[in-house]
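One structure below.
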């Protein structure tokens, strides 16, 4: 649902009248990061009077409330978001903040780790080994382990956070003095010592075997348990496929807004213990959704956030143990340094993708074509020609398809990549031929994407390199203008600006100057569409 009054829900900047997003493009990456876990905070964060007051009162719920509302966040973090971090509902977070002071040591330790509260502010002991090698508490990972352990034991992950409701599984009750409780607690069943064998048993060994049998049954039940139904996972997979199909023709800001909710649900389910088969399917969806987020952020020029999302996508893909998906994510990630960084990193990522699977797949052909294009861009022409041969051989082996969905590699995209390699190798005749073939195929497609514009910008670069500055500027101008306004994102505008930069300053006149001015205006309009005129004034 749109933010009230057409405003960004975080910074309150005005959004465009037809924007379906709830945040402006500057705030959306911050919101997406918040869905994953607590943000990094400065050293002065914990000195805020509201936090100091809550610490003095020894009330973790009030510490949490002060944390959420801290001015350093810009806008308060919603209870629902904090609930996702902890595997709890918004109502449970609300009760925890407003109930009487919690004295359950393991819950206090849970929140201390999750929020990474400094030791000097704690009024209770932390267990030994709660710090990593760098001296900081490994908060998120420790918390996830606690949640998983509790779920495996058949207990909701810290869900009963009501004052005066002690949990019989815990070895410290609500009446215990937490300052004197420096020992760690465990909810796992305890194996008896041999001396504890009950009367009536002829051997302590028999009792030990009996206890082990009980543990085995509990483990079987835990392995069979799942907090997600088959119907639910099928709906998530269907929705993910829908996002993949819609992505090429959808503006990235709109796509990010749609994906955010899906990512949050997959994250919440992945934090709970799932059977291996279910977790693999969740990780598959997570890898695809994270790659879509990364690609959308790349198109917007948000390179740092895009890199982080590509890293998340790789972790999720590796969790599935599906070689084709692992290749796909790395091949897609290789685009980021090609457009916004060092193409040598594209070569490295493509090499990594190609080394994963002994059996070629369509993503292998994509990785090989990306490698060829990057080698040509860094000037290694001889290696680029060999890479083009490898890409052709792989593509002929695995075959293409006619799908316009994201992550597919049809013939027209393959020709687009080969045309890019020919452009950077200075093989103008081959580049023009490949560009014409690719554009002819794109014209028959019912899905509008930015690829034809990028192909025309490659052609403009060819023209500029061959001293046809005016014609190059005209082609580049038309390539940008042919796109809907919301698709004129930084990945396109940066390539158009490269055409201007390829023309010597002394020769920049007429159409070249017009192109430069047009790119500047498009960037200004992009900021205005993302965040309203307030974004321009800022």
task = Enumerate the helices (runs of 4 or more DSSP H) found wholly within the range 306-418, keeping only those where 2 or more residues are at pLDDT 95 or above and within 23 Å of residue 449 (Cα to Cα).
result = 323-333, 335-340, 362-377
key: Lone qualifier among 201, 207 - being touching a helix residue (DSSP H, G or I) at 6+ places or on another chain (Cβ under 6 Å), more than 28 Å from residue 78 (Cα to Cα) and either at pLDDT below 90 or outside any helix (DSSP H, G or I) (or both)   = 201
key: Looking only at the range 498-509, and only at residues there that are touching a helix residue (DSSP H, G or I) at 6+ places or on another chain (Cβ under 6 Å) and either touching a residue at least 40 places away in the same chain (Cβ under 8 Å) or surrounded by fewer than 18 Cβ atoms within 10 Å (Cβ to Cβ) (or both), the one that is farthest from residue 461 (Cα to Cα)   = 507
message = Whether any residue in the range 294-306 is under 11 Å from the mean Cα position of the chain (by Cα), crowded, with 22+ Cβ neighbours inside 10 Å and touching a residue at least 60 places away in the same chain (Cβ under 8 Å) is what I want to check.
response = yes
query = Has the range 446-462 got at least one residue that is surrounded by fewer than 16 Cβ atoms within 10 Å (Cβ to Cβ), assigned to a helix (DSSP H, G or I) and in contact with a helix residue (DSSP H, G or I) (Cβ under 8 Å, 6 or more places away or on another chain)?
reply = no
ask   = Considering the range 245-272 alone, what residues qualify as being within 18 Å of residue 231 (Cβ to Cβ) and part of a loop (DSSP other than H, G, I, E, B)?
value = 272
query = Being without any contact (Cβ under 8 Å) to a residue 24 or more places away in the chain, assigned to a loop (DSSP other than H, G, I, E, B) and closer than 22 Å to residue 247 by Cβ, is that true of even one residue in the range 420-433?
reply = no
ask   = How about the range 97-125: which of its residues are crowded, with 21+ Cβ neighbours inside 10 Å, under 31 Å from the mean Cα position of the chain (by Cα) and part of a loop (DSSP other than H, G, I, E, B)?
value = 117
message = Quick check on my filter: what residues within the range 486-505 are in a helix (DSSP H, G or I) and under 23 Å from the mean Cα position of the chain (by Cα)?
response = 486, 487, 490, 491, 492
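Quick one: is residue 441 touching a residue at least 24 places away in the same chain (Cβ under 8 Å), surrounded by 23 or more Cβ atoms within 10 Å (Cβ to Cβ) and closer than 30 Å to residue 289 by Cβ?
no
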query = Got at least one residue in the range 363-372 being surrounded by 17 or more Cβ atoms within 10 Å (Cβ to Cβ) and more than 20 Å from residue 323 (Cβ to Cβ)?
reply = yes
message = Cβ-Cβ under 8 Å, sequence separation 6+ or interchain: first residue in the range 71-96 and on the phi > 0 side of the Ramachandran plot and part of a loop (DSSP other than H, G, I, E, B), partner at pLDDT 90 or above and loosely packed, with under 15 Cβ neighbours inside 10 Å. Which pairs?
response = none
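The values are calculated or read from the model by the stated rules, or taken from the named source; none is laboratory data. Since we're looking at a predicted model, the values are computed, not measured. Positions of Cβ are generated from backbone atoms using ideal geometry, with glycine treated the same way; all protein chains shown enter the neighbour counts.
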